Amino acid sequence: MTTIDNKQTIGLFGFGVVGEGLFHVLQKSPATKAKIKTICIKDPKKERSVAKEFFCTDYKTIIDDSEINLVVELISDADEAYTIVKSALLAGKSVVSGNKKMLASHLEELIGIQNETGSALLYDASACGSIPVIRNLEEYYDNDLLLSITGILNGSSNYILSKIFNENSSYEAALRKAQELGFAEADPTLDVSGQDSLNKLIILATHGFGTIVKPSEVFVTGIDKLNSFDIRFSREKGFKIKLIAQATKINENSFNLLAIPKLVTPDDYIFNVEDEYNGVVIRGEFYEKQLMFGKGAGGFPTGSAVLSDITARMHGYRYEYKKRKYFQNPVFTNDVSLKIYLRYKDLIDFGHFDFESIDEKYSGRDYSYVTGNISLKNLHKIQKIISKLDVFVAFLEI
């Protein structure tokens, strides 16, 4: 039986930009029937805009409080988030979380705990900021007609690429600007490496296809090796580079995931998705392509998704994981061929890539490139090697 947490007493973990904003929004929104009772933080000495009696430093203070029936987790540490979320669900409390890394790593287990305890875990805030992609996949696309999900899922990297292609900024200058505006972290590795996009894609694929894939099984590469040669090549060919995450149904029984820079043409739906915005293209068997668009980085877009989850839980909403329940779920595979662009400097680096065919090849004094088809299995096998080489890999098409 679904428990309806109509009057919500919230235990909040994290009081950064999103957490503090959420506190003040709830104070001014009595219609939500939600109030924050306790806020768990790391540093009790830090100056806060809220009275001290709200704060605690021990997570068990919230978990053990029988009055608190909803936990909102908004911290960056994935391991700590896992401990908090798992403990709350086991205690029978429903949870709203925005921690995509934690969810991508532990979703199977957390779904099982929900089934056992009757508690609910909502996480629309974990993917695409203000765009309600997860709930749409659950409710509107709850059939077996979905063919692919393609998206710009990381607002920080998209902002960087927009500055490069629209304002002739260097990669380094664009990254600094993204950090100054709060779109990118001081350590931007998760954003620019593609790992953040991959974590979000795993969550979307769970709701889109019903199969949970481990992050380690998926090929991922980012824009951190992008240089002026790649930018010039893209412009000369009429492309923009976008860091995309894509789930593609290969046939009735299998599908594939990857997170990778893509050379995008002007007729692509995501060509004009710029700055910190996200864009998600849903392609189906009969409804062709549909684009969802909105801000994917910043405190307010994420905060709006958190508030939406809180309100949804107030009405008893929970994910049903319909694809997992009612359909035969496709098997994940890397047994596909991709057409890629590879820029390299040394022939020894090129030697790691076992191309099936080459369409175009250029050798220069400083850099060389090829475009051609390669097995995704091969790319996944050498993924760790690629991260150490002076190469840039971008996707053209399957």
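The values are calculated or read from the model by the stated rules, or taken from the named source; none is laboratory data. The shown structure was predicted, so the numbers you read here are calculated from the model rather than taken from an experiment. All Cβ positions, even for glycine, are placed from backbone atoms using ideal geometry, and neighbour counts span all protein chains on display.
Being surrounded by fewer than 24 Cβ atoms within 10 Å (Cβ to Cβ), of a type outside the set (Lys, Arg) and at pLDDT 95 or above: is that true of ASP142 here?
no
Name every residue in the range 228-243 that is crowded, with 16+ Cβ neighbours inside 10 Å and of a type outside the set (Phe, Trp, Tyr), in order of residue number.
Scanning the range 228-243 gives ASP230, ILE231, SER234, LYS240, ILE241, LYS242, LEU243.
Just to verify a result, which residue in the range 175-221, among those that are touching a Lys or Arg at 6+ places or on another chain (Cβ under 9 Å) and among the hydroxyl-bearing types (Ser, Thr, Tyr), is farthest from ALA104 (Cα to Cα)?
Ranking the candidates gives THR211 first.
Only one of GLY129, GLY118 is closer than 30 Å to ILE231 by Cα and among the small types (Gly, Ala, Ser); which?
Being closer than 30 Å to ILE231 by Cα and among the small types (Gly, Ala, Ser) holds for just one of GLY129, GLY118, which is GLY129.
Taking interchain pairs and intrachain pairs at least six residues apart, which have beta carbon atoms under 8 angstrom, with the first residue in the range 199-222 and assigned by TED's automatic domain parsing to the domain that holds GLY155 and the second buried (at least 24 other Cβ atoms within 10 Å of the Cβ) and of a type in the set (Phe, Trp, Tyr)?
ILE203/TYR123; ALA205/PHE255; PHE209/PHE255; THR211/PHE255
Please pick out the residue among ILE348, ILE385 that is out of contact with any strand residue (DSSP E or B) (no Cβ under 9 Å at 6 or more places or on another chain) and without any contact (Cβ under 8 Å) to a residue 24 or more places away in the chain.
After ruling out the rest, the residue left standing is ILE348.
Limited to the range 192-233, what total is found for residues that are farther than 27 Å from ASP142 by Cα, β-branched (Val, Ile, Thr) and assigned to a loop (DSSP other than H, G, I, E, B)?
Here the count works out to 2.
When you scan the range 234-273, how many residues do you find that are among the hydroxyl-bearing types (Ser, Thr, Tyr), assigned to a loop (DSSP other than H, G, I, E, B) and within 22 Å of SER375 (Cβ to Cβ)?
Residues meeting the conditions: 0.
Which is crowded, with 24+ Cβ neighbours inside 10 Å and either out of contact with any strand residue (DSSP E or B) (no Cβ under 8 Å at 6 or more places or on another chain) or at pLDDT 95 or above (or both), of LYS100, LYS177?
That would be LYS100, the only listed residue that is crowded, with 24+ Cβ neighbours inside 10 Å and either out of contact with any strand residue (DSSP E or B) (no Cβ under 8 Å at 6 or more places or on another chain) or at pLDDT 95 or above (or both).
Looking only at residues in the range 265-278 that are charged (D, E, K, R) and touching a helix residue (DSSP H, G or I) at 6+ places or on another chain (Cβ under 7 Å), which one is surrounded by the most Cβ atoms within 10 Å (Cβ to Cβ)?
Looking at residues that are charged (D, E, K, R) and touching a helix residue (DSSP H, G or I) at 6+ places or on another chain (Cβ under 7 Å), I get GLU276.
Regarding SER368, is this residue under 24 Å from the mean Cα position of the chain (by Cα) and outside the structural domain of LEU74 (by TED's automatic domain parsing)?
In short, no.
Output the residues belonging to the range 208-252 that are of a type in the set (S, T, N, Q), more than 17 Å from the chain's Cα centre (by Cα) and more than 25 Å from ALA184 (Cβ to Cβ).
The one that is of a type in the set (S, T, N, Q), more than 17 Å from the chain's Cα centre (by Cα) and more than 25 Å from ALA184 (Cβ to Cβ): ASN251.
Taking only the range 165-202 into account, find how many residues are closer than 30 Å to ASN256 by Cα and of a type in the set (Lys, Arg).
1
Out of TYR367, TYR321, report the one residue that is farther than 18 Å from SER234 by Cα, in contact with a helix residue (DSSP H, G or I) (Cβ under 8 Å, 6 or more places away or on another chain) and in contact (Cβ under 8 Å) with a residue 40 or more places away in the chain.
After applying the criteria, what remains is TYR321.
Where residues in the range 275-307 are of a type in the set (Val, Ile, Thr) and in a strand (DSSP E or B), which of them is farthest from SER119 (Cα to Cα)?
VAL281
Considering only residues that are in contact (Cβ under 8 Å) with a residue 40 or more places away in the chain and in a loop (DSSP other than H, G, I, E, B), look in the range 30-61 and name the one that is surrounded by the fewest Cβ atoms within 10 Å (Cβ to Cβ).
That would be LYS33.
Let's see how each residue does on (1) buried (at least 21 other Cβ atoms within 10 Å of the Cβ); (2) outside the structural domain of ASP230 (by TED's automatic domain parsing); (3) at negative phi:
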| position | (1), (2), (3) |
| --- | --- |
| LEU263 | yes, no, yes |
| VAL280 | yes, no, yes |
| GLY284 | no, no, yes |
| LYS289 | no, no, yes |
| ARG313 | yes, yes, yes |
| LYS325 | no, yes, yes |
